[in-house]
Amino acid sequence: MSEYLKPLPRPSAESKPYWDAAREHRLVVQKCNTCGEFWFPPSQRCAHCLSDDHAWTAVKGTGKVFSFVTYQRLYHKGWDGEVPYVVAVIELDEGPRMLSAVVGIPPEKVACDMAVKVVFDDVTPDATLPKFTPV
Ligand SMILES: [Zn+2]
């Protein structure tokens, strides 16, 4: 197996549950126990009502491409041989938006509002990245 050269997640106390779940191929986000809304990225307070009462909750893993860019130049040696590639803002069906990669489709075919679902890329024994692919 070749060495993984891209940056790896560095879980914080707040984001560790997200990365731990990803390693188990589960997509979780925080859900507020006060107002019922979901939010991402991880934080100690609800982005909607500021409550600190929340639970990490599994989401369906489906959503749509809210916005995206296609990288045409190599900015990091980890992507050598993979240009062009797409970095997208994915809007989950539950509402939160997250930055991720769109895979399994040529970059020129990616479009806003495209329906996508999560896939899990085990990039190292300790790190799994949630990515998205067309439904
Ligand atoms: Zn809330």
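Taken together, the values in this text are just the output of simple stated rules run on the coordinates, not laboratory data. Owing to the predicted nature of the structure, the values given are computational and were not obtained by experimental measurement. Ideal geometry is used to build each Cβ from the backbone, glycine not excepted, and the neighbour counts take in all protein chains shown.
Extension gain for the segment N33 to T133, taken as residue separation times 0.36 nm less the Cα-Cα distance, is 33.0 nm to one decimal. Lacking any other cysteine beta-carbon closer than 4.7 Å, the following Cys residues of the chain have no compatible partner: C112.
Backbone phi angles across segment 127-135, fed through the Karplus curve with coefficients 6.51, -1.76 and 1.60 (θ = phi - 60°), yield HN-Hα couplings of 9, 10, 10, x, 10, 10, 9, x, 6 Hz in residue order; Gly and Pro are listed as x. About its Cα centre, the dipole of the chain is roughly 160 debye, where the only charges are +1 on Lys and Arg Cβ and -1 on Asp and Glu Cβ. The calculated FRET efficiency for A47 paired with T70, based on their beta-carbon distance and R0 = 30 Å, is about 0.55. Amide H to amide H, with H built 1.01 Å from N, V119 comes under 5 Å of K131, F132, T133, counting only residues 5 or more places away or on other chains. Length, then width, then depth: along the principal axes, the Cα atoms of the chain run 47, 32, 23 Å. Largest first, the three principal axis extents of the alpha carbons in segment 1-53 are 46, 18, 14 Å in whole numbers.
Pairs of lysine residues in the chain that meet both criteria, 8 or more places apart or on different chains and Cα atoms under 17 Å apart, total 12.
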